[in-house]
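The values are calculated or read from the model by the stated rules, or taken from the named source; none is laboratory data. All figures in this text were calculated on a predicted structure; none of them were measured in a lab. Quick reminder, even Gly has a Cβ in these numbers, built from the backbone with ideal geometry, and neighbours come from all protein chains shown.
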Amino acid sequence: MKSLVIFDLDGTLLNTIYDLGEACNYALRKMGFAQHPIPAYNYMVGNGVRKLLERAQPDASPEVVDELLTHFREYYDDHCTVDTKPYKGIPELLQELTERKVSIAVASNKYQAATSKIVKHFFPDIPFVAVMGQIPERPTKPDPSIVFDVLTKFPTPKTEVLYVGDSGVDMETARRACVESIGVTWGFRPVSELREAHADNIVSDPSEILHYLNDLF
């Protein structure tokens, strides 16, 4: 039996791409750089905000990226819930997991302040056992440290853990952490990326995740 489900945030629980893209374009605009169409950001996100900005302006020096990051946070901190919304079926899934007494956690590469704010805003009644975003002293996914930190805070045998995400980064994170993975097809990346990253399972609807609460292997 699975007793803990760890969710990625962006592209898994929430469609955040519009607010992320607007914040990035705001930062680029403030510094006189060319902006990008929102759909282009599907392939820039996933490794944290700094990497997003490096991809959006690949010729930028570390110092320029620092400035971009300041502008990004200036905008995103106040606009991170404007166009963001849960994917269809996600609120019902989280409620069902809660009713089944399955513990739920979030492990995101989004910086901690924004992760905490967004989760609290959209899922105020869900009793997450851990909500972890990016912090300076912990490497970003696919390094598995964030999963280990969740398990330190809420000890659970790895055989009882499911890790759910929408990208190859997430599948690699689960593999390195030695926990079972589920790739979701409604997020920012194509199903081909999930397959290439050796997702243990792939689902196209949130309700399908419930089928994996019992061990199948």
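What pairs come up if the first residue lies in the range 47-73 and is surrounded by fewer than 18 Cβ atoms within 10 Å (Cβ to Cβ), the second is hydroxyl-bearing (Ser, Thr, Tyr), and their beta carbons are under 6 Å apart, counting only those six or more places apart or on different chains?
Every condition considered, the pairs that remain are 47/140.
Quick check on the range 76-92: of everything there that is outside any helix (DSSP H, G or I) and not hydrophobic (A, V, I, L, M, F, W, C), which residue is surrounded by the fewest Cβ atoms within 10 Å (Cβ to Cβ)? Give the steps one after another, and end with the answer.
Quick first cut of the range 76-92, residues outside any helix (DSSP H, G or I) only: 80-89.
Restricting the remaining residues to those that are not hydrophobic (A, V, I, L, M, F, W, C) gives 81, 83-89.
Numbers: 81: 15, 83: 15, 84: 18, 85: 14, 86: 16, 87: 18, 88: 11, 89: 15.
Applying the filter and picking the extreme gives 88.
Which residues, counting only those in the range 31-42, are loosely packed, with under 13 Cβ neighbours inside 10 Å and under 12 Å from residue 20 (Cα atoms)?
Within the range 31-42, 37, 39 qualify.
Looking at this structure, is residue 164 of a type in the set (Val, Ile, Thr), closer than 20 Å to residue 16 by Cα and assigned by TED's automatic domain parsing to the domain that holds residue 116?
Numbers: of a type in the set (Val, Ile, Thr): yes; closer than 20 Å to residue 16 by Cα: yes; assigned by TED's automatic domain parsing to the domain that holds residue 116: yes.
Answer is yes for this residue.
Scan the range 15-46 for residues that are over 25 Å from residue 123 (Cβ atoms) and either in contact (Cβ under 8 Å) with a residue 24 or more places away in the chain or among the charged types (D, E, K, R) (or both) and jot them down. Explain how you work it out, then say what you get.
From the range 15-46, those over 25 Å from residue 123 (Cβ atoms) are 25-37, 39-40, 43-44; that's our starting set.
Once the filter is applied, which keeps residues that are over 25 Å from residue 123 (Cβ atoms) and either in contact (Cβ under 8 Å) with a residue 24 or more places away in the chain or among the charged types (D, E, K, R) (or both), the range 15-46 yields 26, 27, 28, 29, 30, 31, 33, 43.
Inspect all residues belonging to the range 93-106 and state whether any of them is charged (D, E, K, R), farther than 23 Å from residue 121 by Cα and assigned to a helix (DSSP H, G or I).
Looking through the range 93-106, none of the residues is charged (D, E, K, R), farther than 23 Å from residue 121 by Cα and assigned to a helix (DSSP H, G or I).
Exactly one condition in (1) free of Cβ contacts under 8 Å to residues at least 60 places away in the same chain; (2) in contact with an Asp or Glu (Cβ under 6 Å, 6 or more places away or on another chain) is false for residue 83; which is it?
Going through (1) free of Cβ contacts under 8 Å to residues at least 60 places away in the same chain; (2) in contact with an Asp or Glu (Cβ under 6 Å, 6 or more places away or on another chain) one by one, residue 83 breaks only (1).
Being at pLDDT 95 or above, farther than 21 Å from residue 167 by Cα and in contact with a Leu (Cβ under 9 Å, 6 or more places away or on another chain) is true for just one of 13, 28, 4. Which residue is that? Outline the logic, then answer.
On the way: 13 fails: farther than 21 Å from residue 167 by Cα; 4 fails: farther than 21 Å from residue 167 by Cα.
Residue meeting the stated conditions: 28.
With the checklist (1) crowded, with 18+ Cβ neighbours inside 10 Å; (2) under 14 Å from the mean Cα position of the chain (by Cα); (3) not in a helix (DSSP H, G or I) in hand, flag the one item residue 2 doesn't pass.
Failed condition: (2).
Out of 118, 126, 104, 90, I need the residue that is in contact with a Cys (Cβ under 8 Å, 6 or more places away or on another chain) and not polar (S, T, N, Q). Which one?
On the way: 126 fails: in contact with a Cys (Cβ under 8 Å, 6 or more places away or on another chain); 104 fails: in contact with a Cys (Cβ under 8 Å, 6 or more places away or on another chain); 90 fails: in contact with a Cys (Cβ under 8 Å, 6 or more places away or on another chain).
After applying the criteria, what remains is 118.
So that you can scan it fast, the table gives a plain yes or no per residue for (1) touching a helix residue (DSSP H, G or I) at 6+ places or on another chain (Cβ under 8 Å); (2) within 21 Å of residue 88 (Cβ to Cβ):
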position: 2; (1), (2): yes, no
position: 7; (1), (2): no, yes
position: 26; (1), (2): yes, no
position: 29; (1), (2): no, no
position: 44; (1), (2): yes, no
position: 50; (1), (2): yes, no
position: 62; (1), (2): no, no
position: 65; (1), (2): yes, no
position: 69; (1), (2): yes, no
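For the range 124-139, indicate whether the set of residues that are crowded, with 18+ Cβ neighbours inside 10 Å, among the polar types (S, T, N, Q) and within 16 Å of residue 162 (Cβ to Cβ) is non-empty.
No, every residue in the range 124-139 fails to be crowded, with 18+ Cβ neighbours inside 10 Å, among the polar types (S, T, N, Q) and within 16 Å of residue 162 (Cβ to Cβ).
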